[in-house]
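Let me begin by presenting the structure, written as structure tokens, before commenting on it.
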Amino acid sequence: MSFAYSFLTPPRAEREEMIDSLEPSDEDFAASFQDVARVNRFLGGTAAILSALKPFFRDFSENRPVRILDIATGSADIPRAITEAVRRGRFGDGRRIEITAIDNHPKVLAFARSQTPANQFPEIDIREGNAFDLPYRDGAFDIALCSLAFHHFGFERCVALLREMERVTDQGFIVNDLLRDRIACSLIWALTRVVGANRLTQHDAPLSVLRAYTQQEYSEMLQAAGIPGKASDIRIYPMYRAVITRQKSGDAHAPERLERIDRAT
């Protein structure tokens, strides 16, 4: 890993965010994840995911639902947004989806379920799950997603998660996260105070930016995970978002390359 830092891209912060612990109250968790959902909606995270998903749906021709795994789902705001987009026909008429949304934080799972009632979102199944040891067979899903979670993990754990996403998908995956940048940190610090965000959000949002990775570091993660470079893409979106898209179409030898790397490590 050859990380280069500058004034605008400082060394990565290592301290944990308040939302990673079990200590905050249920009310604080609920308010903070509502803030995260607003950030996704109004600062481009949700739009970036929907845009990145379009090619997957275009290439999917089987007469069955598209199977999606959302890892570290948080409040499940992304699965709900995808469901609503599919219902509106954004990905084509008659499209169907089945989304499995997992998280390992009990308070987060409880809030996600409260926001995603089964009678309103039968397409979404919320379950407990370990992102680094996914309890699913190889190729169990068409697509895997992970939004605003990579910055919570160290570099090696991100590599491990990329490998798991590669393993459980037939078509590929999308990772949506932040870019580490001092200006982005200052902007989100100011914004969370101007809009009166929850105290957890005011503490965690600037720290999230400082815990995030650079475009070069995301590229090095893919390389370390053995993800074929020609079949992956890192795009930078407005408001300091990075989206990794991995599509497996035309990459028949990817599983063999990944297996060789796993054996060597």
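By definition, a body whose alpha carbon gyration tensor gives a ≥ b ≥ c is prolate when a/c is 1.5 or more and a/b is larger than b/c, and the stretch 158-233 fits this prolate description. Count the net charge of all other residues whose Cβ sits under 10 Å from the Cβ of residue 131, scoring Lys and Arg as +1 and Asp and Glu as -1. Counting the neighbours of residue 131, the net charge comes to -2. A straight line joining the Cα centroids of the stretch 57-114 and the stretch 123-169 runs 14 Å. Taking a ≥ b ≥ c as the square roots of the eigenvalues of the Cα gyration tensor, an a/c ratio of 1.5 or more together with a/b no larger than b/c marks the stretch 121-170 as oblate.
About its Cα centre, the stretch 115-226 has a charge dipole of approximately 560 debye under the convention of +1 per Lys or Arg Cβ and -1 per Asp or Glu Cβ, with nothing else charged. Let me know the shape class of the chain, please: from the alpha-carbon gyration tensor, a ≥ b ≥ c as square roots of the eigenvalues, rounded when a/c is under 1.5, otherwise prolate if a/b is greater than b/c, or oblate. In terms of gyration-tensor shape, oblate. For the chain, a crude dipole built from +1 on the beta carbon of Lys and Arg and -1 on the beta carbon of Asp and Glu, taken about the Cα centre, is about 760 debye to the nearest 20. When DSSP beta bridges are restricted to pairs lying wholly in the chain, around 35% turn out antiparallel.
For the stretch 18-89, the set of GluC sites (Glu not before Pro) satisfying both a DSSP loop assignment and a count of at most 11 other C-beta atoms within 10 Å is given as 62. Within the shell defined by Cβ-Cβ distances under 11 Å, the residues around residue 176 carry a net charge of 0, with Lys and Arg each +1 and Asp and Glu each -1. Maximal additional length on extending the residue 88-residue 61 stretch stands at 7.8 nm, based on 0.36 nm per residue less the C-alpha distance.
Only one residue of 110, 8, 205 has its Cα farthest out toward the positive end of the dipole of the chain, where Lys and Arg carry +1 and Asp and Glu -1 on Cβ, and that residue is 8. Think of each Lys and Arg Cβ as +1 and each Asp and Glu Cβ as -1; about the Cα centre, that makes the dipole of the stretch 1-113 roughly 800 debye.
Each reported figure results from applying straightforward, stated rules to the coordinates on display, with no laboratory input. Just so it is clear, the model here is predicted, and its values are computed rather than measured. Virtual Cβ from ideal backbone geometry, glycine too; neighbours counted across all protein chains shown.
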